[in-house]
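What follows is a single structure, written as structure tokens, with notes after it.
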Amino acid sequence: MRQWIAILAVLALWAAMPSAQGAPVCQNRSGVWVRCEAKDAMPVGWKLPEAERALHPMAPPTDQRRAMETILLIVLFLALIAMLPEFDGRADTDWHGNDDRS
């Protein structure tokens, strides 16, 4: 019973903790994200207009492109995992290979 009280107390304290807030970031006139204290930083909340963003060469990738890149990265990661040799740790050769190191 005491364990449950301690667990509930820890959970209550954890739920009551305030969340950490990061410093705000701002954009400059070309639409690049910079620290708000940096030179040429615009006020907090200012965004580059959509018409200018389309003309800017450093425009961020679209959501569709970012999603495809993410999916490709996950598939590549899983393919690399699939190519790993089998290893369960039961055989001595799993740990030392085929050489005679002891």
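The values are calculated or read from the model by the stated rules, or taken from the named source; none is laboratory data. Since this is a predicted model, take the numbers as computed values, not measurements. Quick reminder, even Gly has a Cβ in these numbers, built from the backbone with ideal geometry, and neighbours come from all protein chains shown.
Within the range 21-57, work out how many residues are outside any loop (DSSP other than H, G, I, E, B) and more than 22 Å from the chain's Cα centre (by Cα).
Residues flagged as outside any loop (DSSP other than H, G, I, E, B) and more than 22 Å from the chain's Cα centre (by Cα) within the range 21-57 amount to 8.
Between a first residue in the range 11-36 that is under 26 Å from GLU50 (Cα atoms) and of a type in the set (Ser, Thr, Tyr) and a second residue that is modelled with pLDDT under 85 and not in a loop (DSSP other than H, G, I, E, B), which pairs have beta carbons less than 9 Å apart while being 6 or more apart in sequence or on different chains?
SER30/GLU52
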